[in-house]
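Okay, structure first, notes after.
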Amino acid sequence: MSQVRVRFAPSPTGFFHIGSARTALFNWLYARHTGGVLVLRIEDTDKERNSEQFLNVIYESLDWLGLNWDEGPKAGGNFGPYRQSERSAVYREYLEKLKAAGRTYEKDGAVWFKLIGERTEVFDERRQKTVTKVKVEPTVINDLIRGRVERVEDEDFIIVRSDGNPVFHFVNVVDDIAMQITHVIRGEDHLSNTSKHVELFKAFGAPLPQFAHIPLILKQNGPGKMSKRDQGALIEEYQRRGYLPAALVNFLCLLGWNPGDDREKMPIEEIIRLFDLPGINQSNARFDDKKLAHMNMVYLLGLPADRFVERARTYFQLHAADAPALQAEAAYFREVMLLSQPKIKGLEELPAYTQYLFTEDYGTDPKMKEKVMARGDPKARLGELIAGLAALDFSSDSAIEESIKALAARHGLGFGDYQSVARLAVSGTNVGPSLTSLFRVLGKERVRQRLERLLAAV
Ligand code: GLU
């Protein structure tokens, strides 16, 4: 069989959203799975709605997701140019072919595509006008995902508007022919256009590509398709929030596809090996931001220490450039980040989660304070801890725990009697790493200062 050639054909009319990313991803996966070629084609004929800024968003988002293309803008190739706005000559040439074949006519300044069959004039109630119906055989689409789909395309349609601009259906099909596309993988919202496209392919005498229409992504809550305006729809938002692109890619793969079992985290090489078009579900997939956050957390947890620390630092530089964390010594920063790695769901939690570890000017949760101060004799416990601090063994979490237990035992108490008040003193909050980890990372001197400060304040 000849080499697979697929294309991702975005229109740069808005920000790059989850649905586009998934279409790009499925094309990319199919190209990589089959050893084929991925073409990036920019469908920018709608001059008013397109902008260079949106074009850059497409390039940057694809780069960030790691979805490289083999032909297209920046990559080159033998079938360029790859921006429709630069392909007018190609469209003129193909329009001539249709004209020569007697498949076009002009009406009201526009060029129409002519269907073949018996013609009758009927009054269309809904549109309140007389239209010409053409008696045709239904168009059959053997979709690799949807199966057999029949549509009746029984009216001629415009291919070049009266302002001279060719219509989407026309340029889309011309480019798929000219670029020798073998598989059209795109969102199900285009299934209704496909009968027009098939008629055009036939009129050009071109072989039909295989079609694969991917089910929609439903919005998280409520009915309907996820749109650009929905929370969590834009790729750049995840980029900004420090999500790991590999986690997002893994999540997107599972929106409509599965490896045949219930595995979730999978290396991309494995996904490429298993991915195939008939494996894509027919039913719509529902977006789930918790699942995505979870996937991101699983990837964060799996990062080697050095890479996690590096990503954390980048996140601070981009989003919390004046945080004291960036003034801290590298070794201390690293300790704090590694302590947080297993506890957070995303990098965006880091600045708040670690705040009190980098400054003495941290707040205290008033509810926690009230609760801790109302139980037992917290002042006495603070005093005992301070007095015994010099003798505590700070060499490891378990050594700290054992030596606090020993100290507690001398007063006829347990570890728990010291835990809350010590945590209040060193962090001001009851969410965070374990007390023993906090002690170890902060070190004896900082722990002493914080215990003394609280004792002085109560
Ligand atoms: N430019 C179209 C879109 O953005 C692509 C259509 C196609 O993939 O055939 O939806």
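Residues of region 31-81 that are within 13 Å of the ligand (Cβ to nearest atom) and part of a loop (DSSP other than H, G, I, E, B): 41, 43, 44, 45, 46, 49, 50. Mind checking which residues of region 4-22 are in a loop (DSSP other than H, G, I, E, B) and surrounded by 21 or more Cβ atoms within 10 Å (Cβ to Cβ)? Selection gives 9, 10, 12, 16. Residues being farther than 20 Å from residue 297 by Cα and of a type in the set (A, V, I, L, M, F, W, C): count how many of those fall in region 334-359. Number of matching residues: 2. Using beta carbons and a limit of 6 Å, which pairs, at least six apart or on different chains, have the first residue in region 170-184 and within 22 Å of residue 103 (Cα to Cα) and the second one more than 12 Å from the ligand (Cβ to nearest atom) and small (Gly, Ala, Ser)? Listed pairs, sorted by first residue: 177/206.
For beta carbons closer than 6 Å, sequence separation of 6+ or different chains, a first residue in region 397-416 that is without any contact (Cβ under 8 Å) to a residue 24 or more places away in the chain and a second that is acidic (Asp, Glu) and in a loop (DSSP other than H, G, I, E, B), the qualifying pairs are 399/393; 403/393. In the condition set (1) assigned to a helix (DSSP H, G or I); (2) over 40 Å from the mean Cα position of the chain (by Cα), residue 90 is compliant with all but (2).
Would you mind stating whether residue 162 is more than 25 Å from residue 70 (Cβ to Cβ), away from the ligand (no atom under 16 Å from the Cβ) and hydroxyl-bearing (Ser, Thr, Tyr)? So residue 162 passes the test.
Contact map, region 53-64: first residue closer than 17 Å to residue 41 by Cβ, second residue crowded, with 18+ Cβ neighbours inside 10 Å and among the aliphatic types (A, V, I, L, M), Cβ cut-off under 8 Å, separation 6 or more or different chains; pairs are 55/42; 58/42; 61/21; 61/235; 62/24; 62/40. Picking from residues in region 167-221 that are touching a Ser or Thr at 6+ places or on another chain (Cβ under 7 Å) and among the charged types (D, E, K, R), the one that is farthest from the ligand (Cβ to nearest atom) is 199.
If you go through region 357-403 and keep only what is among the acidic types (Asp, Glu) and either touching a Lys or Arg at 6+ places or on another chain (Cβ under 8 Å) or within 14 Å of residue 453 (Cα to Cα) (or both), you end up with 360, 361, 397.
Return yes or no: is residue 436 polar (S, T, N, Q), closer than 28 Å to residue 325 by Cβ, in contact with a helix residue (DSSP H, G or I) (Cβ under 7 Å, 6 or more places away or on another chain) and at pLDDT 95 or above? Yes.
The values are calculated or read from the model by the stated rules, or taken from the named source; none is laboratory data. Note that the structure is predicted; figures quoted are calculated from it, not measured. Here the Cβ is made from the backbone with ideal geometry for all residues, glycine too, and neighbour counts use every protein chain on show.
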